[in-house]
Amino acid sequence: MTLAAAPGSPAGRLPRRPRLLTAGAVPPPALILLGILSVQIGAGIAKHLFDRLPPSAVVFLRLLTSAVVLAFLARRALRTVLADHSPRSLAVAAGFGVSLCVMNTSIYQAMARIPLGAAVTIEFLGPLAVAVAASRRVRDVGWALLAGAGVVLLARGGDHLDLVGVGLALLAGVGWACYILLSAATGRRFAGSTGLAAASVVAAAVAVPFGVAAGGTALLDWRLLLLGLGVGVLSSVIPYSLEMEALRRVPPRVFGVLMSLEPAVAALVGVLLLGEVLGARQWAAIGCVIVASAGATLGARGGDG
């Protein structure tokens, strides 16, 4: 049987296949926003699981998913990673992995105690502190003060926030700051995604005893297991892929400003998925942190193209 030629095309030639939509065809800002949305939807699903699966167990499943995917992608380089790198470089990658585990464990424990939007807003002080420190401009002290005022307003707005939850969110911010610094150091020592893959394996290994001890036999429930793995895909695999594609096409300054929207997206996901309604003061507080983060990012990276 022969195929008929498409109208207007020479006889005997197949019609040109329509182009499929690829990540390269999507505008970088859309990729960044989709990545943020994916992370926060994953966080919302994770919080839904906390009644049946403790936060440490969900963190373990998230990190395990990320480690398996990244290790598979970098499997050739990982086979010789110990022989190809110095003990100092391996120690940096291991520290990167520990910071990844601390960041995720702390923010999930915080989310179990305070609203998602509040937890992410407080956690965002970590990358904000890195941006302010990198800028070294006097005016960025103002951005830091604005962010601090936002967190104070957040803690006092509406219902009183659990202090343990606030402390855990701050610890997550410290973990995020260390993640940023160690990510850059790892990137200088390892080619491609090898360093991130090695760090993810370390993070999953550190999370194993805590996750298994907390989850117990609940980890044998295939439905909970699938949901936990889905959290890993939404919160780690998809955002990483989208952010890497976006960073190839936009300056870090633009990337940082768009990432400043994460607290607002987290708050919206908290409202829509979890019914965590925030008051006017809390929204104003989130706005303060977003403005401070965007301002500090522009100041720190104003020289980027």
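Every number here is computed from the coordinates shown, using simple stated rules; none is lab data. Since the model is a prediction, treat every value here as computed from it, not as a measurement. Every residue, glycine as well, gets a Cβ built from its backbone with ideal geometry; the counts of neighbours run over all protein chains shown.
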*Roughly what angle does helix 280-300 make with the longest principal axis of the chain, taking Cα atoms, 0 to 90 degrees, to the nearest 10?*
70 degrees
*Using only Cα atoms, tell me the angle between helix 163-189 and the longest principal axis of the chain; keep it within 0 to 90° and round to the nearest 10.*
50 degrees
*So what's the angle, to the nearest 10 degrees on a 0 to 90 scale, between helix 28-49 and the longest Cα principal axis of the chain?*
60 degrees
*Sticking with the crude label model, points 7 Å out along Cα→Cβ, report the distance from S86 to L261 in nm, one decimal please.*
4.2 nm
*How large is ³J(HN,Hα) for each residue in the range 240-247, as worked out from phi by the Karplus curve 6.51 cos²θ - 1.76 cosθ + 1.60 (θ = phi - 60°), to whole Hz, x for Gly and Pro?*
4, 4, 5, 5, 4, 5, 5, 5
*Using 0.36 nm per residue, how much length does the chain from A30 to A149 gain when fully extended, once their Cα-Cα distance is taken away?*
39.8 nm
_Nearest-0.05 FRET efficiency for R75 and M244, computed from C-beta distance (R0 25 Å)_ = 0.90
*For the pair R188 and V141, what calculated FRET efficiency results from E = 1/(1 + (r/R0)^6), where r is the Cβ-Cβ distance and R0 = 30 Å, to the nearest 0.05?*
0.55
*To the nearest 0.05, what FRET efficiency results for F50 and A205 with a Förster distance of 25 Å applied to their C-beta separation?*
0.60
*State the three equivalent ellipsoid semi-axes of the chain, derived from the C-alpha gyration tensor as the square roots of 5 times its eigenvalues, in descending order and whole Å.*
33, 26, 23
